[in-house]
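Beneath this line is the structure, given in structure tokens, with notes to follow.
The values are calculated or read from the model by the stated rules, or taken from the named source; none is laboratory data. This is a predicted model, so every value here is computed, not measured. Note: ideal-geometry Cβ built from the backbone for every residue, glycine included; neighbour counts use all protein chains shown. Ligands, DNA and RNA are excluded from the accessible area calculation, which covers all protein heavy atoms including side chains. Shrake-Rupley method; radii C 1.70, N 1.55, O 1.52, S 1.80 Å.
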Amino acid sequence: QVQLVESGGGLVQAGGSLRLSCAASGGLFSAIVMAWYRQAPGKQREWVAAITIGGTTNYADSVKGRFTISRDNPKNTMYLQMNSLKPEDTGVYYCKAVRGVDEFWGQGTQVTVSS
């Protein structure tokens, strides 16, 4: 069983930056595909970015050029560097791990961007 714990959320002004972390335990981190999702109030959860086992990254169009996903396998941690934040980036950010046919989710961390 993989356990995921997000951290790094908070309140920031528009144009500011935050770095989210997702610490994984209970599995072989390097064998897991990782992703970030977010959910704004009253909206469905949406995919933000993903990073493969080999380090290939993909981003939603809404965050491309502003967010950077990365992973540190020896530290069993994934990151999301968020720059040039906008009010529409507000929401609860979740990390997800995929190992084979199994999916694991963290509890989420709140990001609030004020205008």
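Annotations for the structure displayed:
- Accessible surface of the stretch 42-87, 1.4 Å probe, proportion on carbon and sulfur as whole %: 46
- Candidates 44, 13, 81, ranked by Gaussian network fluctuation over the chain, Cα under 10 Å, top entry: 44
- Accessible area of residue 102 in the full protein assembly, 1.4 Å probe (Å², nearest 10): 80
- Cleavage-rule hits (trypsin sites (Lys or Arg not before Pro)) in the stretch 35-115: DSSP loop, at most 12 neighbouring Cβ within 10 angstrom: 43, 64
- Calculated FRET efficiency, residue 75 to residue 44, Cβ-Cβ distance, R0 = 35 Å: about 0.65 to the nearest 0.05.
- For the chain, relative contact order (Cα pairs under 8 Å, six or more residues apart, normalised by length) works out to 36 percent.
- For residue 28, the solvent-accessible surface computed with a 1.4 Å probe is close to 110 Å², ligands and nucleic acids excluded.
- Entry comment: accessible area of the chain is 51 Å² per residue, from protein heavy atoms only and a probe of 1.4 Å.
- Legend: residues 77, 68, 52, sorted from most to least accessible area (1.4 Å probe; ligands, DNA and RNA excluded), read 68, 52, 77.
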